[in-house]
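K.L.:
Input: one structure, supplied below.
Each value in this text was obtained by applying a stated rule to the coordinates, not by laboratory testing. Source: prediction; values computed, not measured. We place every Cβ from the backbone using ideal geometry, glycine too, and count neighbours over all the protein chains shown.
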Amino acid sequence: MISTGLVQRVLANEGRAVARAIRMVDDRGPEALDLLRALWRHNGKAWVLGVTGNPGSGKSTLCDRLIASYRDRGVRVGVVAVDPTSPYSGGAILGDRIRMSRHATDDGVFIRSLATRGHLGGLSRSARDVVRVLDACGYGVVIVETVGVGQDELEITRTAHSTLVIMTPGLGDEVQAMKAGILECADVFAVNKADRDGADTTVRDLELTIALGNEAILALSKTKSHLAQQATSQNSAAPSDRWSPPIVKCVATRGDGIQQVVDALDRHRQWLEGTAAGARRKRMRLAEEVRDSLREALIDAAVHDLASRIDEAVHAVEAKEVDPYTATERLVAAFRGKI
């Protein structure tokens, strides 16, 4: 059972208590769920901003500029910076916060690095729960920086209210842009390092991708298939309710264009809070959170309850006594019998 004192100290934003709570959540200790339950009714006030993009696109530097911009407004900022874990050594450098070190002495900023620990999708397994801890502490904006991602690491969209996708010139032609699934999760595009050659070409490729996406949505909206309804759920309202991701050029190292990026994010927040489409998107995100939590809880419970049977199934599959599909079906049947 979690101590009431720790919960109260977290709500009072005592630095050591917050760090301890985050460590507890990240390690998924026995008291983590009790802590999250106690903090739940204090959640819902923070604006969660996801920052994602390819490796080397300048995510950490841009996050540093965003922190400064929000602090100039008097907004307290929490940061969750996710770094990849080595599949060989199991270690992680956790170096993203180095580029944000100038905020280390600011009491209005809390920066925490997390390792993915092998979790896929661009975030760590505990990232969403760490965001909830920072939300309960009273941080007005929580920035979540993902690992360097490729074409389909989209988990950030199930955690953040707004997703900023950072692009840089020279990462590929328009074909690469069109097939990159990460582009489909963007609420705002920032073309960083815009002082390099090819920045205007990158902007044109993104504009083409957005235009093609809008055409596809309109075409799907004229069909009645279940898939089409899912694809157009965000855009099924009036055309004025639809959100088209703006594209902003910036140079994070110099601070050029940062205010324009912040303004675009503010407009997206206003859209979410002021339209029916934004409300539907919030409900969809919460529904996905519940499904994810259920999925993780079922997996943990199944692995715990069927530990010996899983080992037996592995040996049977290795000996060619049974195929892996039948073995899985038997394990599921056994787990259902225990429920």
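K.L.:
So if each residue of separation counts as 0.36 nm, and I subtract the Cα-Cα distance between residue 273 and residue 204, what length gain in nm does that give?
P.N.:
21.9 nm
K.L.:
In Å and from the alpha-carbon atoms only, list the Rg and Dmax of region 236-318.
P.N.:
Looking at region 236-318, its Cα Rg and Dmax stand at 22.7, 61 Å.
K.L.:
Express in nm, to one decimal, how much length is gained between residue 323 and residue 282 on full extension, taking 0.36 nm for each residue of separation and deducting their alpha carbon distance.
P.N.:
Here the segment from residue 323 to residue 282 would lengthen by 10.6 nm.
K.L.:
How many nm separate the modelled label positions at residue 31 and residue 19, each set 7 Å beyond the Cα in the direction of the Cβ?
P.N.:
The modelled label-to-label distance comes out at 1.7 nm.
K.L.:
Here's another thing I want to ask about it. Once phi is turned into θ = phi - 60°, what whole-Hz ³J(HN,Hα) does the Karplus curve with 6.51, -1.76 and 1.60 give for every residue of region 154-163, x standing for Gly and Pro?
P.N.:
Once θ is set to phi - 60°, the couplings for region 154-163 become 10, 5, 4, 5, 8, 10, 9, 6, 10, 10 Hz.
K.L.:
Could I ask something else about it? Provide the FRET efficiency to the nearest 0.05 for the residue 312-residue 43 pair, computing r from the beta carbons and using R0 = 30 Å.
P.N.:
For R0 = 30 Å, the calculated efficiency reads 0.10.
K.L.:
Express in nm, to one decimal, how much length is gained between residue 212 and residue 294 on full extension, taking 0.36 nm for each residue of separation and deducting their alpha carbon distance.
P.N.:
26.0 nm
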